[in-house]
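Asks: Submitted below is the structure of interest, expressed as structure tokens.
Any read-out appearing in this document is the output of simple, stated calculations on the displayed coordinates, not a laboratory observation. The structure displayed is predicted, hence computed values, not measured ones. Backbone-built Cβ (ideal geometry, glycine too); neighbour counts: all protein chains shown.
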Amino acid sequence: MAYEAPTPEDLIARYPAFAAVDEDTIQYWLTDAERFVDESWTEGDYPIALMALAAHNMVLAGLGTDAAATAELPGGVTNFKSGSLSVSFSDKAASDRAAGALASTRYGAEFAALRRRNRGGPRVTATGTLPYSPQHFVDGGD
């Protein structure tokens, strides 16, 4: 089976919060996501990662009807005062923003999990230990 990029209809089926967004706009964000997700990803994760990243970026752009995109108080705001403006953010919202933009939406968190699965970093072990059995080489690597 060949890699197939998702369509705007696929994104709307997975994330109904974007049903009111113009399909040309959704396609723009799906195409933009292709800069970060390529065919070196597993075939099953490829379309899901494209849709998750596109949805995340659309929320950051203020698109969609997700609570995080249209709530009267932005996500993480615990207190708002108008006279002499005073805004308070929850500790979680502040740490999510500090950790990076992906943690700021549920779509970004989904993309981050997919990215970890497809782009894992180096394996680190303690000095003097092996991440495999020495017998692995004696048996011919099986």
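Asks: With r as the distance between the Cβ atoms of residue 65 and residue 109 and R0 = 22 Å, compute the FRET efficiency 1/(1 + (r/R0)^6) and round to 0.05.
Replies: E(calc), rounded to 0.05, equals 0.70.
Asks: How many nm is it between the label spots at residue 116 and residue 28, if each spot is 7 Å from the Cα in line with the beta carbon?
Replies: 3.2 nm
Asks: So, one more: If you rank 23, 9 by fewest surrounding Cβ atoms within 10 Å, what's the result?
Replies: Going from sparsest to densest Cβ surroundings: 9, 23.
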